[in-house]
Every structure is written in C-alpha cells, then in structure tokens.
C-alpha cells in the first residue's frame, strides 16, 4: 500500500475491472478546479483504440501494480474546457511558485492517496521540480516503478505545495473556466513580482499584469526593466494600460510613456483620468536627462505661515507618499520655494511652532533644465534625501528623491 | 511637386535613420552567433581546405551562407515571437525525456568543443613563444570572471568587439597577395571531383558551419536581449548580415591559405597553428595577424560555449540559471559552467590526452544531435498556437525542409567518415 503517488507513476498504470480483467492504461488525469481545486476528478484511459473517462468515484484502489475499479460504466472521453489536464496543461509548463517567489517548470506532480466513500481518491499535494523528479521522469517507462522509488530515495526532494502554485494562462476565458486568479501574487513585494513577470514569456507577462489589481500591477511594472515595461504596455489595450499608468508614480509613468511610440502613449494618455494625466503630461514636457525629467510631482508644500500642526495634518493627508516623504517645502503666495523642513524636525516643537523656524540652513534647489549629472553631484555633496526642483521664476515644480538618484547611478 | 519633394526626402531620411537605430538596438545575438561559428575548429577546416585545394572549394561558401541564414532566421524568429528559449519550447512541446537526452548530448559535444577552443588558444599563443601552461590557465580564469562578473550588456559589447577583430583575417589575406581573379571565379564556379578527400572536405565545411549549440545560443540571446515581434524585421536583417560576415571571413581564411601554402605546394595540415606557421615565410605581418585571429576566435568561442551550454541545460531541466544569480541560488548552473571551463582547459595541459580523437568524436555527436534539433525546430515553428501568424510560409517550409535534409545528409556523412577514420 502506498500513500503517495507520483503522476509519472500514474501514467501508464493499468486499469482493471471488477473481475480483474485489464481494461487499458492511464493516459492523463484531470482536475476540475471549479468543482474541487485539489481532487483529481477523472482519469483518461486508453483501451485499445478507444479513449475512456474514469470518474474519481468509480475507483476502488490505487497501487503501483494498477488501478482497480468498483464501477464499470465508463463513458467515452470527451474534451471539456473546465478540465485542467495534468499531462497536457501542467507538466513541463511554467508556473509561479508564490512562496519561493519565482517561475518554475513542473517536472512531476505528487498526489496524496485519500479514502472517500469507501474508495481511493487522489489529491494533488505538491508540484515537483529538481533532480529527484527528473530521475523519475527520465527512467519512467523502462525501469519498474518500485525500482524508481528506490533509485530516487537518496536524492532530496524539491517540491512546491499545490496551494502556493499559480498556473499562468494567457486566455482570459480559460482562466475563468479553470478558476485561475492571481490574488495570491498581490501580497508579494512588487520587486519580487517584477522578477517573476520578467521570467515569463511576453504573452504570459501581459496576462498576469492585466489580471492583477491595477495598483499592484503599477508597483510591479515600475520595477520591471524599462525595455520590458514598454513591450508590456504596448501589448495591453489602452484602457487597461491607462488604469495601470494612473497608479504609477508620475515620474515613473512619464518615463515609461516617453519610451513608447507617440501613437501608443497618446492613446493611453487619452484613456487616463484628468488629474494623473496632467501630472504626467507636465512631466513629459521635460527632457529625459534633466532635473525636470527626473523629478516627481508628488510632494508636500505648505504656505510660509504654516505651523507644525498644519504640517502634521498635511502629512496625514498624504499617507500614500509616506514611504518616500522626508521633507516639507514652504512656498510663498506665488508658489515660489522659500524653505524646506526635514520631516524629523516636526517633532522638535509644539503644534503652534511656525515651520519657518525649523527650515534648514541653506536652501538647496535646482532648476528644471539642469543636467542629471548636476543632480547627482548635489546629492553627493550635501548628503540630502530630497532636492526641490524649481522653474525659471523660482516656482516649485517638483522634487527629486534619493531613490530617483540611485536609479540614475544604476543605469551607468 | 516641388513643395512635397523635400518633405518626402526628409521623411525618408528619418525613416532610414530609424531603421538604422533599430538595427543597432537588436545588434548582437545574430552577429555574435555567426562570428563564433568561425571558431578554432572552423578555422582549421577552412585552412585545410585552402592549403590542400587552393581556391577550388570557395564556391561552397555561397550555399553554406544560405543554409546558415535559413536555420538561424528560424531561431531568431522563434525567440522574438515566443520570448522563450529553444530548450523551453522543446520541453513544453516534446517533454522532459527528449530534452534530457538532448541536453546530455549537448554537454558532451560542447565539452569537446571547449577543449578544441582551449587547444586553439594554446597553439596560437605558443607561436608567440608563450607556454600553454601559462596561457591556458590565465585565459580560463579570465573567461570565468568575465561572465560571472559581467552583465549581459557589457559582455555583449566585448563580444561585438571580438567579432570586429576577425578583420585580422582579411588584412592577413590581402598581405599575402592572393590571385583575386581566381578566387572570384571559383567563388561562383562549382567544382566537383570524385575524390574522396575533396568530398570529405566539402562536407566538413558544411558540418563545421552549422552546429547544434548555435541554435540554442542564438535563440537565448534574442530572448535575453528582449527583441520583440515589432523589431523582428531588424533582427532578421542582423542575422543575414552576420551569416554573410561569417562567410566573408571564411573566404579570406581559405584565400590566405591558398595564396601562401597551396600556391607553393599543396599539403595537409592538422592544426590551425600549423597553418599560421606556414604563412611565416611569406610575411611576418600576415603570420602575426593570422595567429592573432586564431587566438581571438578561440578565446571568443571559449567564452560563449560554456555559458551557452550551462544556460540551455539549466533552463531546459528547470534549474535556476543566470549570471545575475548568486552561487548558492544557482549551484547547478555555476558548477556546470565552471566544470566545462576547468575540464576543457585542463585536458589541453595533459601531455598525452587524445585531443584529436576527442574532437573527431564530438563531430560525430554533432552529426547525431543536429538532425534532432533541426527537426524539432521546424516542427515548433509551424505550430500555430506558438507562432500565430509567424509560422513558416509554404514556400519557406519547403526550402527549410530541403535544407534540413541536405544538412542532415551531409553531417551524417561527415559523422560516418570521421567515425571510420577514428576506428582505423
């Protein structure tokens, strides 16, 4: 008696009827994810020229010597689109290992043998990758099953639990029928998600990106290699692309759109909402290799007369920026930059303290048309985290943060 | 008319500039693959052909170029359309077992190829009086570090530079003052003789030009470079330019050997360094350039082969791969890569290692592996669900099948003949 069965062992296993007569051999097994995501629902059996379907509740027992049935009323096989066939759709294909955060290729599948209503059923337990499953696959068919088990025993297994596997299916119709979604991926760090997406084929990439929540997709897309960003955005329809670009930080969105062909970026811009669109189009005006092209238009600026209490309120109101926010700018009535207050200083005074008293000694700023090199120089020389960018009249236009500078340096 | 003409010209100018920019954006994979094709084994074959038969074999280069373009074009198209490597596609469509045996054969043939490259490094530098016990370990370590420390882009630049160095063969041939009229005539005039040696040589020229590893490397490089269907036109052009470039270099190698060796006394040579040495009496510079070319070609191929092999094997069998991973993340990849270099370089330093036999053996294995790879390729490229509208056209399919049958026939013949020679 076994309690684990590998898919390679199941393949070619002989099927016997109630009287112990041989009917045929197993060719494939299928899940119906909408009904049950782990139980093997039916088996494809080849009997001479005929292809038969064996339902899971028609089986008495599994062993390495064969399958015994308890019901002989078998129906001819017919393909239905709700079926995930393991040999055809899973074996040797790439899937996403959510836990290990990478794309892997399926070598074998491990089933757990369960009792249900007096008969044996198979539950998908793990997807196997690595050496052990390769030995099994390569020797399958010409080495007896029991020997293979002994042969593989010394090799440590490498498997991924079925609940952490995510199948990649480009066809949206089929995704629905097979009950595939990418919600599990949405909890991953955007950088990990980007790595996974980069590992997939172009078709699969767009499929994953367009299925994800647009905020998650935007975060992941920002981390993807710029060249790939372009090909992903081009493959999406303008509306989906616009939804994603809206969620990206304006400077990154502008960079991505600038790389696209004029026609495509125009289409995407048209689909975008008014506010993010104006931010992005504004940024698109600047040359790519200048401070203007580098800066972000998401910053917090307050009137010169504001107090710490005002600043606290503004910080709370801009919660989505908190991870990169480290300076509050002061502007006069015409929008000209007059001072910068590091976020930490807010804790040094009472709520009524005017921000003016907290500004940094020298006010560093850079004009929009300054070259990239000048920007990195300033960051290096003054050890700052944020640098305000101003237009010709001294009006505050945006801010460059340290992470933008790191990207510039990495490009070299 | 007079008003529209300048505008039209401007757009044409802009168009051609865009075309040029596109070409440079995709430049790399096809060109490099084609150039590496002239590795130390290739140089040996071409030198032999020129030294023994003079200008006569030049005509084969034209059909070889066509065969090369047909096979490589299919790979770059598959890479651009599917975004997957050849080994991934084979695995997905033909299963693990086919992939496994293919990969094992690939490792063995490529290991012997790497040995030949390091032998080429040793031979060429010994012409300059550098002992192989110094040159081979240094080059092996250099190759290892270059790939492990470099990024794809920086490595590609070095490779493109190495491709440019093949020009030494052209200069070397010009310096030897060959008979240009003869060489042009025989480039287009097929000469067939019922002489076993001659026929073997012709087959060897085809066999050395089309090797299984190239198909894997080219497709992987196209995918890695992120060439998309849109840029595919430029990519195809790059492949064609590269293949023609390969044959041009081959032409000059044959011409150089014909001018120097064959013109004074046709004879057989058995390693590429001998060919370089034979050029010495005819001019110091020709000799230096020819040997420098051999060194460059061998080092170049020695850098690409182990990497390409480790990459294909790991991708195909599902192990972590890529030089951007750390050793602990991709142990199989790094071990395979390191072993290929260490063993390939190591045996060259063993005094009594039967290197020539090994290289012959690898040619036989090449002949076994190539048909399988080519047939898989043509089956894959005709799959609608993979290639969509980019499958082969009927005419192209017909041409491809004829070429494949031709290549298979010739390599099988070469494998048979070398096997028989090794037996003797």
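How large is the translational diffusion coefficient of region A:192-317 in µm² per second when you combine the Kirkwood radius over alpha carbon pairs with Stokes-Einstein at 25 °C and 0.890 mPa s? Result for D is 158 µm²/s. For region B:346-424, the pair-distance distribution built from all alpha carbon pairs, in bins 5 Å wide starting at 0, is 3, 14, 17, 15, 12, 11, 9, 7, 6, 3, 1, 0 percent.
The translational diffusion coefficient of region A:68-157, from Stokes-Einstein at 10 °C and 1.306 mPa s with a Kirkwood hydrodynamic radius over alpha carbon pairs, comes to 101 µm²/s. Of the two radii for region A:319-371, the radius of gyration is 1.00 times the Kirkwood radius, both from the alpha carbons; that is the Rg over Rh value.
Which whole number of Å³ per residue matches the convex hull of the alpha-carbon atoms in region B:275-407?
Values: hull volume 27.6 nm³, N = 133.
In region B:275-407, the Cα hull volume divided by residue count equals 207 Å³.
The Rg/Rh ratio of region A:301-411, with both radii computed over alpha carbons and Rh defined as the Kirkwood radius, is 0.97.
May I ask for the distance between the Cα centers of region A:74-125 and region A:1-59, given as a whole number of Å? So the separation of the two Cα centres works out to 12 Å.
How far is helix A:250-259 tilted, in degrees, relative to the longest principal axis of the Cα atoms in chain A, given as a value from 0 to 90 rounded to the nearest 10? The helix A:250-259 is inclined about 70 degrees to chain A.
Past the 20 angstrom mark, what percentage of all C-alpha to C-alpha distances in region A:132-236 do you count?
Numbers: 2837 of 5460 pairs.
Pairs farther apart than 20 Å: 52 percent.
Highest GNM mean-square fluctuation among B:181, B:383, B:157, for chain B modelled with Cα contacts below 10 Å: B:181. Based on the convex hull around the alpha carbon atoms, region B:210-358 presents an average projected area of 12.1 nm². Among beta bridges from DSSP that stay inside region A:301-411, the antiparallel ones total about 70%.
Determine the calculated [θ] at 222 nm for chain A from helices alone, applying -39500 (n - 2.57) to every DSSP H run no shorter than 4 residues and normalising by the residue count; nearest 500 deg cm²/dmol. Can you show the working numbers first?
On the way: 16 runs with 143 residues, N = 412.
About -10000 deg cm²/dmol.
Centre-to-centre, using Cα atoms only, region B:312-345 and region B:360-397 are separated by 26 Å.
The angle separating the long axis of helix A:226-235 from the principal Cα axis of greatest extent in chain A is about 70 degrees. Remark: B:40, B:183, B:76, B:154 ranked as B:154, B:183, B:76, B:40, counting other beta-carbon atoms within 10 Å and listing the fewest first.
Computed log10 I(q)/I(0) for the protein assembly as shown at 0.09 Å⁻¹: -1.02, from the Debye equation with unit scatterers placed on every C-alpha and solvent omitted. With the cut-off at 1.5 for a/c, could you classify chain B from its C-alpha gyration tensor as rounded, prolate or oblate? Cα axes put chain B in the rounded bin.
Counting only Cα atoms, region A:241-377 measures 53, 31, 27 Å along its principal axes, largest extent leading.
Under 10 Å, Cα contacts only: if you run a Gaussian network model on chain B, which one of B:65, B:338, B:196 comes out with the highest mean-square fluctuation? Result for chain B, Cα springs under 10 Å: B:196 fluctuates most.
Cα axis of helix A:214-223 to longest principal axis of chain A: angle in degrees, 0 to 90, nearest 10? Value to nearest ten degrees: 80.
Nearest 5 percent is fine: what portion of the DSSP beta bridges confined to chain A is antiparallel? Numbers along the way, then the final one.
Numbers: 62 of 70 bridges.
Here the antiparallel bridges make up roughly 90 percent for chain A.
Counting every pair of alpha carbons in region A:4-163, the share spaced more than 24 Å apart comes to 33 percent. Build a GNM of chain A with springs between Cα atoms under 10 Å apart, and of A:250, A:367, A:351 the one that fluctuates most is A:351. Dividing the summed helix terms, -39500 (n - 2.57) for each DSSP H run of n ≥ 4, by the number of residues in chain B produces a 222 nm estimate of -26500 deg cm²/dmol to the nearest 500. Shape analysis of chain A based on the Cα gyration tensor places the equivalent ellipsoid semi-axes at 61, 21, 19 Å, largest first.
Can you sort B:180, A:142, A:123 so the residue with the fewest Cβ neighbours within 10 Å comes first? Let's see the in-between values first.
Details: B:180 13, A:142 7, A:123 17.
Fewest-to-most Cβ neighbours within 10 Å comes out as A:142, B:180, A:123.
Separation of region A:389-412 and region B:56-95 by C-alpha centroid, Å? Centre-to-centre distance over Cα atoms comes out at 46 Å.
Values in this text are rule-based calculations from the coordinates and carry no lab data. The model shown is predicted, which means the values in this text are computed figures rather than measured ones. Here Cβ is always computed from backbone atoms with ideal geometry, including for glycine, and neighbour counts include all displayed protein chains.
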